[in-house]
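Values quoted throughout were computed directly from the atomic coordinates according to the rules given, and no laboratory measurement underlies them. This structure is a prediction, so every number in the text was calculated from the model and none was measured. Note: ideal-geometry Cβ built from the backbone for every residue, glycine included; neighbour counts use all protein chains shown.
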Protein chains: 2
Amino acid sequence: MKLKLKNVFLAYFLVSIAGLLYALVQLAAEQLRQKDLRISQLQAELRRPPPAPAQPPEPEALPTIYVVTPTYARYGLWCTQESFGVEVRDGHELEEQGRLVQKAELVRLSQTLSLVPRLHWLLVEDAEGPTPLVSGLLAASGLLFTHLVVLTPKAQRLREGEPGWVHPRGVEQRNKALDWLRGRGGAVGGEKDPPPPGTQGVVYFADDDNTYSRELFEEMRWTRGVSVWPVGLVGGLRFEGPQVQDGRVVGFHTAWEPNRPFPVDMAGFAVALPLLLAKPNAQFDSTAPRGHLESSLLSHLVDPKDLEPRAANCTRVLVWHTRTEKPKMKQEEQLQRQGRGSDPAVEV
Amino acid sequence: MKLKLKNVFLAYFLVSIAGLLYALVQLAAEQLRQKDLRISQLQAELRRPPPAPAQPPEPEALPTIYVVTPTYARYGLWCTQESFGVEVRDGHELEEQGRLVQKAELVRLSQTLSLVPRLHWLLVEDAEGPTPLVSGLLAASGLLFTHLVVLTPKAQRLREGEPGWVHPRGVEQRNKALDWLRGRGGAVGGEKDPPPPGTQGVVYFADDDNTYSRELFEEMRWTRGVSVWPVGLVGGLRFEGPQVQDGRVVGFHTAWEPNRPFPVDMAGFAVALPLLLAKPNAQFDSTAPRGHLESSLLSHLVDPKDLEPRAANCTRVLVWHTRTEKPKMKQEEQLQRQGRGSDPAVEV
């Protein structure tokens, strides 16, 4: 009986140990399974792509677009009420009043350019020195920029009553930008170092009153030599532009001297930066006959048959030669005479 | 001896069971520790902030800016060479040619608006139905938009030789946009449902030829009633705008009828959406005398002393009343007569 009880105890002991072991193993296995599940959940969460950013990150490999814009300072007009009555009557009325839209046009253009990645704005003032208006606008633009200044020589400026084509405008300023690109310095603000050797880029001459579709800049970005496209509302036509057959430029749609070497508007072409640097003498000629300013640069750079047609073989208009009306200032003059002119401290 | 051996066995058995249990517990605990470590590592990785997107995510809490733009269709001009010679000579020459800049101006404005978060463009065509030019432009703009159409009644259209102020332009179109905002439908493209009840927003009337700084839109976004600011190059002045003392509007700088109830330009104010919805009869009056169109809406909405001055107490000009010149089409006419006009298949 004594032994039997011991055996029962032993059996009970063994069974309970086995049960305990089994329970422990099950418990551990269950905990491990739960941890494994949590781990795989967390790993899945980590693999999930992050929320897409608003814009794709800017690829460093994109060629830079150098946009050259000449702009005309106001020579201090409107800065004092006293100067008003004088300046607008000394034979520059038309020209001076046109400059009232300078800030509006630069704001509009700078906002368009801010939509384009990898863009460097070369803004060249026609002035004796940098003006606060332009310096302030550039600083606030958020753009990568270089501020240049060169005064148009008196002999090349328009005189009273002369039509705009007697002296092409912005020649000195565009050449100043070419000088800077070629390492000849001259920056008065913004990025002062020229592009380092080997920089991939393209140069475009964008006046401040034209209208540019953002698509235009992607058309010109991969220019190898000189690329071309149509320009709307120019030359008295709905549009001017290259005629293309089998992917090559075979002629030009224009009404004005179709036999010019390059009958294209300033807004209708872009030049690869390496090509411009390889031809250090290529620049605009301020003595070029009317309508030949573009040819004076391009003749150094490319044969017309090698022009690269863009914008769907030159069938899409992505830039318009818009012109802003000169604002009328009759009421301003009247109020100024009464001492109630617009507050000169407010920049317009 | 026999019994002792059994005891040894039993002791050995108990010790080994205990050892096994201990080893098992340690093993399980170690595995659990490792899993815990992995879990905390993964959780730390998940807590790490994602790489910052190029732009901060758009806060849903920003009030929406509803920008209302009337635009003028070309009534099929330039669509065929045949129609050219006819249409420009039937007394609408000036007006029709002005419409040549429609696409350029809408491209320019749409690109400016694309810089503004939480913006909804209400583009209202003055036409019998939606035109392909405008529909295509809206679809390509990337903007949230609603396309509306209403034809100006013949009696309110300008006749040959009439100056622009005889009939204010865009009245029917702006009222059509107000109708849509008030749930009266009429959308022909884009977002067709009006803002749901309780939407926080502000309504701004932006013509397509003005120049807008992107900063202007942030000035108007938190308008409670009616906000105001200066407008550049308008009314024959450098700028027109409210005069502010101690943060309140106490008068207006303007040369034209300073005693109008609201001597402000269309581009110089914005209205909170809830206020417009609370006054269902507030709209523009096409019979308002010259210069009183803005007052015809605002008189329903606000007392002049409650206008909210913006743009640094109305000392900063952030919008300019620029006007685009009508492009000259003399050469186009000549080439058309020779059968060599600009390709009508190319949209300009």
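Could you give the distance between the Cα centres of segment B:180-198 and segment B:103-117, to the whole Å?
With segment B:180-198 and segment B:103-117 each reduced to a Cα centre, they are spaced 22 Å.
Over chain B, what relative contact order in percent results from Cα pairs under 8 Å that are six or more residues apart?
18 percent
Tabulate in residue order the Karplus-calculated ³J(HN,Hα) for segment A:220-226, using 6.51 cos²θ - 1.76 cosθ + 1.60 with θ = phi - 60°, rounded to whole Hz; enter x for Gly and Pro.
Per residue, the Karplus-derived 3J(HN,Hα) values read 8, 4, 9, 4, 8, x, 10 Hz.
Kindly give the distances from residue B:290 to its copy-mates, label point to label point, with each label point 7 Å from Cα along Cα→Cβ, as nm values to one decimal ordered shortest first.
3.6
Over all directions, how big on average is the projection of the convex hull of the alpha-carbon atoms in the protein assembly as shown, in square nanometres?
Averaged projected area of the protein assembly as shown's Cα convex hull equals 48.8 nm².
Let me know the mean shielding of A:327-333 by other chains, meaning the per-residue number of their Cβ atoms within 10 Å of its Cβ.
Mean number of neighbouring Cβ atoms from other chains: 6.
Sorted by packing (mean other beta-carbon atoms within 10 Å per residue), highest first, where do B:332-340, A:293-301, A:134-142 land?
A:293-301, A:134-142, B:332-340
Cα gyration tensor of segment A:203-310, axes a ≥ b ≥ c as square roots of the eigenvalues: rounded (a/c below 1.5), prolate (a/b > b/c) or oblate?
Rounded shape, in that the Cα axes give a/c under 1.5.
Percentage of Cα-Cα pair distances in segment A:226-267 greater than 13 Å, rounded to whole percent?
Of the Cα pairs, 48 percent sit more than 13 Å apart.
Can you check what the net charge comes to around residue A:270, using other residues whose Cβ is under 10 Å from the Cβ of residue A:270 (Lys, Arg +1; Asp, Glu -1)?
Taking every Cβ under 10 Å from that of residue A:270, the sum is 0.
Past 28 Å, Cα to Cα, is the threshold; run B:103/B:192; B:305/B:326; A:154/B:328 against it and keep the listed order.
As for pairs spanning more than 28 Å Cα to Cα, those are B:305/B:326; A:154/B:328.
What ranking do B:191, B:219 get, fewest neighbouring Cβ atoms within 10 angstrom at the top?
B:191, B:219
Averaging the inverse of every distinct alpha carbon separation and then flipping it gives the Kirkwood radius. What is it for segment A:193-247, in angstrom units?
For segment A:193-247, the Kirkwood estimate is 13.7 Å.
Please list, in chain and number order, the residues 5+ apart from residue A:72 or on another chain whose amide H is under 5 Å from its amide H, with Hs placed from the backbone.
Residues meeting the criterion, in which the H sits 1.01 Å from N, are A:126.
If contacts are Cα pairs under 8 angstrom and at least 6 residues apart, what is the relative contact order of segment A:143-272 in percent?
22 percent
Karplus couplings for segment A:125-136 from phi (6.51 cos²θ - 1.76 cosθ + 1.60, θ = phi - 60°), rounded to Hz, Gly and Pro as x?
7, 8, 6, 6, x, x, 9, x, 4, 6, 4, x
Over segment A:249-317, how many percent of alpha carbon pairs lie in each 5 Å bin up to the one with the longest distance?
Spelled out bin by bin, segment A:249-317 gives 3, 15, 27, 27, 18, 9, 2 percent.
Roughly how crowded by other chains is peptide B:306-315, in terms of the mean Cβ count from those chains within 10 Å of each of its Cβ atoms?
Per-residue shielding by partner chains comes out at 1.
What FRET efficiency do you get for residue B:343 and residue B:139 if R0 is 22 Å and r is their Cβ-Cβ distance, rounded to the nearest 0.05?
About 0.45, to the nearest 0.05.
Helix-derived [θ] at 222 nm for chain B: sum -39500 (n - 2.57) over DSSP H runs of at least 4, divide by residue count, nearest 500?
-11000 deg cm²/dmol
Using alpha carbons only, how many angstrom separate the centre of segment B:270-346 from the centre of segment A:272-318?
Going from one Cα centre to the other spans 39 Å.
Report, to two decimal places, the Cα Rg of chain A normalised by 2.2 N^0.38 Å (N = number of residues).
Against the empirical 2.2 N^0.38 Å value, I get 1.69 for chain A.
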